[in-house]
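As structure tokens, the structure follows; a few thoughts come after it.
Please treat every number below as a calculation from the coordinates, not as lab data. Quick caveat, the model's predicted, so the values are computed rather than measured. Using ideal geometry, Cβ is built from the backbone for each residue, glycine included, and neighbour counts are taken over all protein chains shown.
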Amino acid sequence: MFPNLEHYTDYGLLFLRFMAGLVFFDSGHRDLKDPRVRGASVGLPVSLTIFIGGAEVLGGIAVIIGVWPQLAAAGLIIVMLGALQKKIFVWKTGFWGKDGLGWNYKLLLVSMLLVVAFTDGGRYIILH
């Protein structure tokens, strides 16, 4: 019924890596731009906010360009597990949350990172 698209898998993985990495890069950049305000808004100390922001920026870049994509994905999954813990158990936002700000988005990012981790990011990587 549908054509075999398997030979495009690595392009799909490249696009997935780009989108996931872009989200983390942007999030980390925002954390690092004003860590005091960002830390206060999520209830984290400034030093931890800076650490997480740096991890998101570096992990996002690594996922995008394909430098140790499995390791970068694993690190970002750990960051996301912390965010999920906060949203589910501390803030109790619910899956969809108010105004769509629940933990569904975080879970989607974890799913994307799992694909990167399980596939080593595909063929178009620099270093694995």
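Just a few scattered comments:
- Summed side-chain charge close to residue 56 - residues other than residue 56 whose Cβ falls under 14 Å, Lys, Arg +1, Asp, Glu -1: +2
- Length gained when the stretch residue 37-residue 96 is fully extended (0.36 nm per residue, less Cα-Cα span): 18.7 nm
- For the chain, the membrane-span-like helix rule (DSSP H, alpha carbon extent of at least 27 Å along the helix axis, mean Kyte-Doolittle at least 0.0) picks out 9-33, 46-65; this says nothing about an actual membrane.
- Cβ-defined net charge surrounding residue 27, 15 Å radius [Lys, Arg +1; Asp, Glu -1]: +2
- Within the stretch 71-91: backbone nitrogen closer than 16 Å to the residue 107 label point (7 Å, Cα to C-beta): 80-91
- Report note on the peptides 14-26, 37-49: ranked by the mean count of other C-beta atoms within 10 Å, highest first, their order is 14-26, 37-49.
- Listed from fewest to most Cβ neighbours within 10 Å, the set 103, 91, 68 follows the order 91, 68, 103.
- Per residue, the convex hull spanned by the Cα atoms of the chain measures out at 115 cubic angstrom.
- Which of 33, 86 has the fewest Cβ neighbours within 10 Å, and the rest in rising order: 33, 86
- In the chain, lysine pairs with alpha-carbon atoms under 15 angstrom apart (chain gap of 8 or more, or interchain): 5
- 222 nm mean residue ellipticity, helices alone, for the chain (DSSP H n ≥ 4; -39,500 (n - 2.57); rounded to 500): -22500 deg cm²/dmol
- Each Lys or Arg adds one and each Asp or Glu takes one away; over the other residues whose Cβ falls under 15 Å from the Cβ of residue 80, this sums to 0.
- Cα-projected label distance for residue 4 with residue 118, points at 7 Å along beta-carbon direction, nm: 2.2 nm
- Taking amide H as placed 1.01 Å from N in the peptide plane, the amide H of residue 67 sits under 5 Å from that of 126, 127, each at least 5 places away or on another chain.
- A straight line joining the Cα centroids of the stretch 73-128 and the stretch 15-41 runs 13 Å.
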